[in-house]
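The values are calculated or read from the model by the stated rules, or taken from the named source; none is laboratory data. Since the structure is predicted, the reported quantities are computational estimates derived from the model, not experimental observations. All Cβ positions, glycine included, derive from the backbone under ideal geometry; neighbour counts span all protein chains shown. When the accessible area is computed, the model is the full protein with side chains, heavy atoms only, and any ligands, DNA or RNA have been set aside. Shrake-Rupley method; radii C 1.70, N 1.55, O 1.52, S 1.80 Å.
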Amino acid sequence: MDTDARQHLMLDSQNSAQYGKLPRHIAIIMDGNGRWAQQRGLNRAEGHRAGVKALKPIVKECAAMGIEVLTVYAFSTENWSRPQVEVEALWDLLVEYLRSETAELKAEGVRIQTIGNVGALPVRAQKAIDAAMRETAAETRMVLNLALNYGGRDELVRAVNRWLDEHRPLSPDSYMTANAIAAHLDTAGLPDPDLLIRSSGELRISNFLLWQLAYAEIYVTETLWPDFNPMELHKAIRAYQKRDRRFGGLRE
């Protein structure tokens with residue numbers, strides 16, 4: 001995004017009665033890499049490489065605008081069903097991204113975190129994630145939350161099991177609350193997403209942040225993820241700022 005556009009967006013978010021504030025937490029379903037590659041006669045791995053390249057300016061722009069958390073759906077629990085060669089290429093791209101970008105992310109004040117069952121990832125991916133998280137652990141400007149081997153249903157099951165492990169043996173008056181579940185989710189300690197962006201025009205949330213998206217505003221664009229850029233991000237945030245968020249209530 002150019003300087004004038006960014007300043008205009010910040011002015012609207014902070015000083016205009018017509019628009020709301022910037023979202024604290026943006027979640028993105030980065031969809032369309034395969035179709036982008038197919039349209040260009042490339043293999044799917046090249047589409048994923050282009051998708052990784054597209055992520056860098058989005059992270060940078062979110063940090064510059066003051067977004068607190070950016071969560072990106074990088075690999076779902078269902079993605080294991082894809083051809084093994086494609087899955088292995090995705091892990092190679094993850095390792096490459098973390099090794100090449102961690103220093104710059106740290107310089108930008110970005111802390112890398114993950115959600116999902118990361119322990120099931122290949123060892124090389126786990127080592128790269130651990131190194132990046134250690135390197136950026138002290139940064140406070142923005143959290144880049146990578147959803148890896150993540151599924152919303154799986155997360156809820158793991159959250160319930162964590163709670164049960166802490167409370168066994170259960171007493172007759174033991175019961176679970178919404179706050180208890182939230183405290184045991186992978187995203188515990190982070191604000192819920194205010195805005196969900198999905199690229200490529202698909203109208204579904206694909207098992208992503210099922211609990212946390214309860215009152216998120218949803219923005220869908222036909223743009224394929226490798227073509228998603230800071231100006232597309234700007235459009236999504238402007239659309240979000242025009243929404244009337246009542247959280248089930250009525251405006252006074």
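Between residue 82 and any residue 5 or more places off or on another chain, the built amide H atoms are never under 5 Å apart. Label reach from residue 206 (point 7 Å along Cα→C-beta): in region 21-35, amide nitrogens under 16 Å belong to 27-35.
Simple point charges give the picture: +1 on the Cβ of Lys and Arg, -1 on the Cβ of Asp and Glu, and for the chain a dipole about the Cα centre of about 160 debye. Its relative contact order, with pairs defined as Cα atoms under 8 Å and 6+ residues apart, puts the chain at 27 percent. If you roll a 1.4 angstrom probe over the protein chains with everything in place, what fraction of the accessible area of the chain belongs to carbon and sulfur, to the nearest %? Of all accessible area on the chain, carbon and sulfur atoms account for 50 percent. Normalised per residue, the accessible area of region 150-252 is 56 Å², obtained with a 1.4 Å probe and no contribution from ligands, DNA or RNA.
Between region 164-189 and region 82-148, the alpha-carbon centres lie 28 Å apart. Listed peptides 113-120, 239-246 appear in the order 113-120, 239-246 once ranked by packing, highest mean of other Cβ atoms within 10 Å at the front.
Summing charges over neighbours of residue 186, with a neighbour being any other residue whose Cβ is under 9 Å away from its Cβ, gives 0 when K and R count +1 and D and E count -1.
Per-residue 3J(HN,Hα) values for region 197-208, derived from phi via the Karplus relation 6.51 cos²θ - 1.76 cosθ + 1.60 with θ = phi - 60°, read 10, 10, 8, 6, x, 6, 9, 7, 9, 6, 6, 10 Hz in sequence order (x marks Gly and Pro).
With the simple spin-label model, which puts each label point 7 Å out from Cα in the Cβ direction, the residue 140 to residue 56 separation comes to 2.9 nm. Applying both filters, DSSP loop and at most 10 other Cβ atoms within 10 Å, to the trypsin sites (Lys or Arg not before Pro) of region 124-213 gives 204. Cβ-Cβ distance of residue 168 and residue 117, R₀ of 22 Å, FRET efficiency by 1/(1 + (r/R0)^6): the value works out to about 0.55. For the chain, the number of Lys pairs with C-alpha atoms closer than 19 Å, counting only pairs eight or more positions apart or on separate chains, is 8. Counting only protein chain heavy atoms and rolling a 1.4 Å probe, the accessible areas of 195, 94 rank, largest first, as 94, 195.
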